[in-house]
Amino acid sequence: MMWDEPFLESCCRAALHRLVLAGTHGRPAGLKDGPCLHRLAEMGLAQERQDERFGLTETGTQRHASEVLRRRAS
C-alpha cells in the first residue's frame, strides 16, 4: 500500500480521536494535546474556531475512519 497522506504520530492520532469524541462541542485550545491539535489544523484535519476550540473537518473525519478506526478493527 502506498501512502499519499502525511504520517500521523501516535499522539496526533490520539488527539484526532479525542476530537471525534468531543463532537460538535470541540476541544479547547489550552490542553496538553494543543500542539497536536495545531498540527492537525495545519494538515486540514481540524480547524480552530472563533470560540478558541478546535473542531473536526470532513477531511479529519475521513482520516479518522481510515487510520484510527481501521487500527481498532485489526
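The values are calculated or read from the model by the stated rules, or taken from the named source; none is laboratory data. Keep in mind it's a predicted model, so treat the numbers as computed, not measured. We place every Cβ from the backbone using ideal geometry, glycine too, and count neighbours over all the protein chains shown.
Please name all residue pairs, on different chains or six or more residues apart, with Cβ atoms under 8 Å, provided the first residue is in the range 42-53 and is within 12 Å of LEU16 (Cα to Cα) and the second residue is of a type outside the set (S, T, N, Q) and part of a loop (DSSP other than H, G, I, E, B).
MET43/PRO6
Output the qualifying pairs, or none if there are none: Cβ atoms under 6 angstrom, residues six or more apart or on different chains, first residue in the range 12-37 and over 11 Å from HIS64 (Cβ atoms), second residue acidic (Asp, Glu) and surrounded by fewer than 19 Cβ atoms within 10 Å (Cβ to Cβ).
From residues that are over 11 Å from HIS64 (Cβ atoms), the pairs are ALA29/GLU52.
Does ALA22 qualify as being at pLDDT below 95 and over 14 Å from PRO6 (Cα atoms)?
Considered against the rule, which asks whether it is at pLDDT below 95 and over 14 Å from PRO6 (Cα atoms), ALA22 comes out as no.
Name the residue, out of ALA15, ALA46, that is surrounded by 14 or more Cβ atoms within 10 Å (Cβ to Cβ), out of contact with any strand residue (DSSP E or B) (no Cβ under 7 Å at 6 or more places or on another chain) and either among the aromatic types (Phe, Trp, Tyr) or modelled with pLDDT of 95 or more (or both).
ALA15
Consider LEU37 against the criteria (1) surrounded by fewer than 18 Cβ atoms within 10 Å (Cβ to Cβ); (2) at pLDDT 95 or above: it satisfies all of them except one. Which criterion is unmet?
Checking LEU37 against (1) surrounded by fewer than 18 Cβ atoms within 10 Å (Cβ to Cβ); (2) at pLDDT 95 or above, the one that fails is (1).
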